[in-house]
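Undergrad: Handing you a structure now.
The values are calculated or read from the model by the stated rules, or taken from the named source; none is laboratory data. Owing to the predicted nature of the structure, the values given are computational and were not obtained by experimental measurement. Reconstructed Cβ throughout: ideal geometry from the backbone, glycine too, with neighbour counts over all protein chains shown. Just the protein is used for accessible areas: all its heavy atoms, side chains included, with ligands, DNA and RNA removed. Shrake-Rupley method; radii C 1.70, N 1.55, O 1.52, S 1.80 Å.
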Amino acid sequence: MPHNARRSGRPVRRGLTALGGPAVAALFVLVAVLLSGCSSSGSTDTLRTRVADADKTDCALGGQAVAGLRDTFRQLSEQLDGLSPAAARGDFVEVKTRVTQGMWLSHQVSNTINPVVDRMGSPLIGSAYGDVATAGGRLHDSLSDFAAVLDNGHPAQPVADSVTAALTDLNSSMDRMRRACPSVFAEPKGPQYGPPLSVR
């Protein structure tokens, strides 16, 4: 998602540079998992109980929704990965653009997954996907607070910490989702997307 950010003479507050690098790097790993694809093990084994069948059906249903979000997760990683470098350069315009894009992208996560969760019959699988939707909404709200701080000049570090915590929640919920549906999501392998961030 290209953006033509121009340098602004207005300095970005130093607190913005401390956005948690490990949380963003972890999102790259989970994006790699999603990009490695949903496994199409569609063998209709007349297996076990109805519960197992409901779990399988809901995993596949949620997997389709997540597969449709691959580009969204990739772009979200790219936008958040560029926040700290832009802040370190004092590029207020780029920071604001990335935060705004991150808000829109994280909103897509909750908007896409919530309606699918409503159609699920398995409480276990529904809660695994529901947690991802909730975490996406929380990240959207934290980024929205971040954007407000950029505009009104309040201390930025507490809000930057909130964004990092929301991103960590999203990472954790996606990992739980993958573990709840191992037949749908491949194990993590292959390269990470984007450079690892150094912790300041």
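Undergrad: Per residue of the stretch 58-73, what does 6.51 cos²θ - 1.76 cosθ + 1.60 with θ = phi - 60° give for ³J(HN,Hα)? Whole Hz please, x for Gly and Pro, Karplus curve as stated.
TA: Listing the rounded values in order: 5, 4, 5, 4, x, x, 5, 5, 5, 4, x, 9, 3, 5, 4, 5 Hz.
Undergrad: Please list the three semi-axes, largest first and in whole Å, of the ellipsoid equivalent to the stretch 46-153, using sqrt of 5 times the eigenvalues of its alpha carbon gyration tensor. Present the calculation step by step, with values, prior to reporting the outcome.
TA: Details: eigenvalues 258, 32, 15 Å².
Each semi-axis is √(5λ); the values are 36, 13, 9 Å.
Undergrad: Heavy-atom accessible area per residue, the stretch 80-165, 1.4 Å probe: how many Å²? Can you show the working numbers first?
TA: On the way: 3390 Å² over 86 residues.
Here the residues of the stretch 80-165 average 39 Å² of exposed surface.
Undergrad: Right, next: Test of understanding: extend the Cα→C-beta vector of ASP151 to 7 Å, then name every residue of the stretch 78-99 with backbone N under 13 Å from that spot.
TA: Taking a point 7 Å out along Cα→Cβ of ASP151, the residues of the stretch 78-99 whose backbone N falls under 13 Å are 96-97.
Undergrad: Right, something else. Could you derive backbone 3J(HN,Hα) for the stretch 74-84 from the dihedral phi with the Karplus parameters 6.51, -1.76 and 1.60 (θ = phi - 60°), listing whole Hz in sequence and x where the residue is Gly or Pro?
TA: Karplus-based 3J(HN,Hα) across the stretch 74-84 equals 5, 5, 4, 4, 5, 5, 6, 5, x, 5, 4 Hz.
Undergrad: So, by mean Cβ neighbours within 10 angstrom, what's the order for 126-138, 55-67 with the highest one leading?
TA: Highest to lowest by the protection proxy: 126-138, 55-67.
Undergrad: Give the Rg (one decimal place) followed by the Dmax (whole number) of the stretch 124-186, computed from C-alpha coordinates and expressed in Å.
TA: Using the Cα atoms of the stretch 124-186, the pair Rg, Dmax is 14.5, 48 Å.
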